[in-house]
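The values are calculated or read from the model by the stated rules, or taken from the named source; none is laboratory data. All values reported here derive from a predicted model rather than from experimental measurement. Please note: Cβ atoms are built from the backbone with ideal geometry, for glycine as well, and neighbour counts cover all protein chains shown. SASA here: full protein model, heavy atoms, side chains in, ligands and nucleic acids out. Shrake-Rupley method; radii C 1.70, N 1.55, O 1.52, S 1.80 Å.
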Amino acid sequence: MHNMGGAAWGSHSCPDATKHPNHTRSRARAEIVRRAKIIRQHGQYAALPTPASTTILEDSMLLNKGQDAITPIALPDGIKMVRFFSNQPARLAVDTREKDKPVIKLNLTGGLAATVQVPDNIHAFIAHRLDAGTNDISVAFGT
């Protein structure tokens, strides 16, 4: 990986962008190497059984900042809930794009994350900052 080579390899942060602390791509390296060894030894790789609980490998994201900032959120397949969290007070409106349903308003206080259920056949949310929008609000997906 580029980030292992430091200045000699161009001082790259890849495969992980410096803005994404979850390191989803680099943490996949060990599994990729393990599967490659199996394929090399046996000529094929059998699919793993589907686990009972699926972990979503999507990185969390941050909402746009600023008064009245709007952030469209595309939902990965299989998502049943979306969590919003801020370590400072924040106000947010979430439009679940569900027909004839009101917008959900959230007051984030720095305690527990607020969750919004994903209605059936909905593949995107719109988040709208209701406050000054100076602090970060993170978004995470769950099954």
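Can you tell me which residue is most open to solvent (accessible area, probe 1.4 Å) among those in segment 81-108 that are among the charged types (D, E, K, R) and at pLDDT below 90? Residue satisfying both the conditions and the ranking: Lys99.
Could you list all residues from segment 61-79 that are over 15 Å from Asn135 (Cα atoms) and either modelled with pLDDT of 90 or more or surrounded by 14 or more Cβ atoms within 10 Å (Cβ to Cβ) (or both)? Quick ask: steps written out before the conclusion?
Looking only at segment 61-79, we keep the residues that are over 15 Å from Asn135 (Cα atoms), and these are 72-79.
Within segment 61-79, Pro72, Ile73, Leu75, Ile79 meet the criteria.
Restricted to segment 16-47, and to residues there that are open to solvent by less than 60 Å² (accessible area, probe 1.4 Å) and of a type in the set (Val, Ile, Thr), the residue that is modelled with the lowest pLDDT is Thr24.
All conditions in (1) in contact with a Pro (Cβ under 8 Å, 6 or more places away or on another chain); (2) at pLDDT below 90; (3) open to solvent by less than 70 Å² (accessible area, probe 1.4 Å) hold for Glu58, with the sole exception of (3).
Name the single residue, out of those in segment 118-143 being within 14 Å of Ile73 (Cα to Cα) and either charged (D, E, K, R) or open to solvent by 70 Å² or more (accessible area, probe 1.4 Å) (or both), that is nearest to the chain's Cα centre (by Cα). My answer is His123.
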